[in-house]
1. Scan the stretch 12-20 and tell me whether some residue there is touching a Gly at 6+ places or on another chain (Cβ under 6 Å) and part of a loop (DSSP other than H, G, I, E, B).
2. State whether the residues of the stretch 141-148 include one that is of a type outside the set (Asp, Glu) and farther than 21 Å from residue 44 by Cα.
3. Would you check which residues across the stretch 57-101 are open to solvent by 60 Å² or more (accessible area, probe 1.4 Å), touching an Asp or Glu at 6+ places or on another chain (Cβ under 7 Å) and within 22 Å of residue 138 (Cα to Cα) and list them?
4. Scan 89, 47 and give me the residue that is small (Gly, Ala, Ser) and either touching a helix residue (DSSP H, G or I) at 6+ places or on another chain (Cβ under 7 Å) or touching a residue at least 60 places away in the same chain (Cβ under 8 Å) (or both).
5. Collect the residues in the stretch 146-163 that are open to solvent by 40 Å² or more (accessible area, probe 1.4 Å) and in a loop (DSSP other than H, G, I, E, B), keeping them in residue-number order.
6. I'm trying to understand the selection: among the residues of the stretch 46-56, which are open to solvent by less than 60 Å² (accessible area, probe 1.4 Å) and either among the basic types (Lys, Arg) or more than 14 Å from residue 30 (Cβ to Cβ) (or both)?
7. Given the criteria over 11 Å from the mean Cα position of the chain (by Cα) and among the hydroxyl-bearing types (Ser, Thr, Tyr), does residue 88 qualify?
Amino acid sequence: MATSSTTDRTTGEVRVNGQVRHLDLDSRVTLLDMLRDHLGLTGTKKGCDQGACGACTVRLDGRPVVSCLVLAAQCDGREVSTVEGLASGGRLHPLQDAFVRHDGFQCGFCTPGQLMSATALLEERPAPSADEIREAMSGNLCRCGAYPGIVAAIRDVAERNGNAR
Ligand code: FES
Ligand code: FES
């Protein structure tokens, strides 16, 4: 991504949910604001804007990151996955479906970030224990206290994949 010190702008390309997006942004724009304000992907939520709540979690090259602490300029040539990319062909992702069935959300504000952390967890660790799930999800705060449903949903998907333990 090119940066101009005279204009303080960065340009580059980011692949978002499999689609290449060309960017020309103020170099101070965060990944979170790029997604919401410049690409219109408002599924990713802004909670604290300080890295504390996890609501803004997306996956950057597969790894969960809090997008309010990442600059768009750091994403040049990289792959970003957001909640909008989970469903496909009109069908919910299995984790989205499990969150619904297990009442894993109430207000739903934290849910996109929870889903992105959970998809990353199950890819990295297909058979997580309840404690491992809680540990992996500890950066995602839910003010509604939907944690039991969230853990149950993640365990359900692991079990359906034949990976329960
Ligand atoms: S909005 Fe990014 S961690 Fe809270
Ligand atoms: S469902 Fe409301 S903050 Fe999590």
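The values are calculated or read from the model by the stated rules, or taken from the named source; none is laboratory data. Everything numeric here is computed off the predicted structure, so don't read it as measured data. Cβ atoms come from the backbone with ideal geometry, glycine included; neighbour counts cover every protein chain shown. In case anyone asks, the SASA skips ligands and DNA or RNA and just uses the protein heavy atoms, side chains included. Shrake-Rupley method; radii C 1.70, N 1.55, O 1.52, S 1.80 Å.
1. The first filter runs over the stretch 12-20 and keeps only residues touching a Gly at 6+ places or on another chain (Cβ under 6 Å), leaving 17.
Imposing the further condition that a residue be part of a loop (DSSP other than H, G, I, E, B) reduces the set to 17.
Yes, the stretch 12-20 has at least one match.
2. Yes, there is a match, as at least one residue in the stretch 141-148 is of a type outside the set (Asp, Glu) and farther than 21 Å from residue 44 by Cα.
3. Of everything in the stretch 57-101, just one residue is open to solvent by 60 Å² or more (accessible area, probe 1.4 Å), touching an Asp or Glu at 6+ places or on another chain (Cβ under 7 Å) and within 22 Å of residue 138 (Cα to Cα), namely 61.
4. Numbers: 89 fails: either touching a helix residue (DSSP H, G or I) at 6+ places or on another chain (Cβ under 7 Å) or touching a residue at least 60 places away in the same chain (Cβ under 8 Å) (or both).
Testing whether each residue is small (Gly, Ala, Ser) and either touching a helix residue (DSSP H, G or I) at 6+ places or on another chain (Cβ under 7 Å) or touching a residue at least 60 places away in the same chain (Cβ under 8 Å) (or both) leaves just 47.
5. 161, 162, 163
6. Selection gives 53, 54.
7. Working: over 11 Å from the mean Cα position of the chain (by Cα): yes; among the hydroxyl-bearing types (Ser, Thr, Tyr): yes.
For residue 88, the condition - over 11 Å from the mean Cα position of the chain (by Cα) and among the hydroxyl-bearing types (Ser, Thr, Tyr) - is met.
Let's see how each residue does on (1) hydroxyl-bearing (Ser, Thr, Tyr); (2) within 15 Å of ligand 1 (Cβ to nearest atom); (3) under 21 Å from residue 155 (Cβ atoms):
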site: 38; (1), (2), (3): no, no, no
site: 44; (1), (2), (3): yes, yes, no
site: 52; (1), (2), (3): no, yes, no
site: 61; (1), (2), (3): no, no, no
site: 64; (1), (2), (3): no, yes, yes
site: 70; (1), (2), (3): no, yes, no
site: 79; (1), (2), (3): no, no, no
site: 94; (1), (2), (3): no, no, yes
site: 98; (1), (2), (3): no, no, yes
